[in-house]
Amino acid sequence: MSVRIRDNNRIPDVIRTLRAIDDKQIKVGLFGGGDIVMIGAVHEFGVEIPVTDKMRAWFAANGYPLKKETKVIKIPERSWLRSGYDENIDKIARKIEQLLPDVIEGDVNPRLFMDAIGMEFAGLIQKKMRDLKDPPNSQMTIERKGSANPLIDTGRLVGAIRHEIE
């Protein structure tokens, strides 16, 4: 009589999978540099822009003369990233809890798992941007862009939201 022992020890596979996601970060937002990152930051934190003579002339030429006492143009804070994170982190945590067992079992590739989480979070941030209504645009801005949504004009900003895995 012969006895055959089969080892189904998957611990080395699980360790490899966990190492593949260990110390990795999923980042969501605007990346790189340039004007789109600056525009995103202006909306996220707000800004006060000192009025120059050139600005005063531009506003007047476009039918929006500024009062003499106007010394700054204030773009109010419209947090889309911090508030989008705060409003959605629990949903993302539940999604991670739901998918992680499949990753550990080897049924889902760790990189695909991280990409799926990053894409979902980016989509939730984009939804936050589309849904944000407060503080509202000035009447001048609404007239110029033809929309009351404070963070959507051409769609370039919302379209630039993406994720990276580091």
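Summary table below
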quantity: Candidates Leu151, Leu18, Leu132: whichever shows maximal mean-square fluctuation once the chain is modelled as a Gaussian network with Cα springs under 10 Å; calculated: Leu18
quantity: Cβ-Cβ FRET estimate between Lys145 and Lys91, R0 fixed at 22 Å, reported to 0.05; calculated: 0.10
quantity: Alpha carbon centroid spacing (whole Å) that separates region 1-51 from region 103-166; calculated: 17 Å
quantity: Rg/Rh for region 103-166, where both radii come from Cα atoms and Rh is the Kirkwood radius; calculated: 1.22
quantity: Label-to-label distance, nm, for residues given as Phe45 and Asp115 (7 Å Cα→Cβ offset); calculated: 3.3 nm
quantity: Scattering profile of the chain at q = 0.12, 0.17 Å⁻¹ [log10 I(q)/I(0), Debye over alpha-carbon scatterers]; calculated: -0.69, -1.06
quantity: Under 21 Å, Cα to Cα: Lys pairs in region 55-166, sequence gap 8 or more or different chains; calculated: 9
quantity: Spacing of the two label points (7 Å from each Cα toward its C-beta) at Ser83 and Met55, in nm; calculated: 2.3 nm
quantity: Coordinate range along principal axes, alpha carbons of region 71-130, Å, largest first; calculated: 62, 18, 16
quantity: Calculated FRET value between Gln98 and Leu18, using beta carbons and R₀ = 30 Å, to 0.05; calculated: 0.95
quantity: Ranked list, fewest to most other Cβ atoms within 10 Å of each Cβ, for Val158, Val72; calculated: Val72, Val158
quantity: Separation in nanometres of the label points that stand 7 Å from Cα toward Cβ, at Ile36 and Val72; calculated: 3.0 nm
quantity: Mean Cβ count within 10 Å, highest first, over the residues of peptides 117-127, 45-55; calculated: 117-127, 45-55
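Each value in this text was obtained by applying a stated rule to the coordinates, not by laboratory testing. Being a predicted model, the structure only gives us computed values, none of them experimental. Neighbour counts are summed over all protein chains in view; Cβ atoms, including those assigned to glycine, are modelled from backbone coordinates with ideal geometry.
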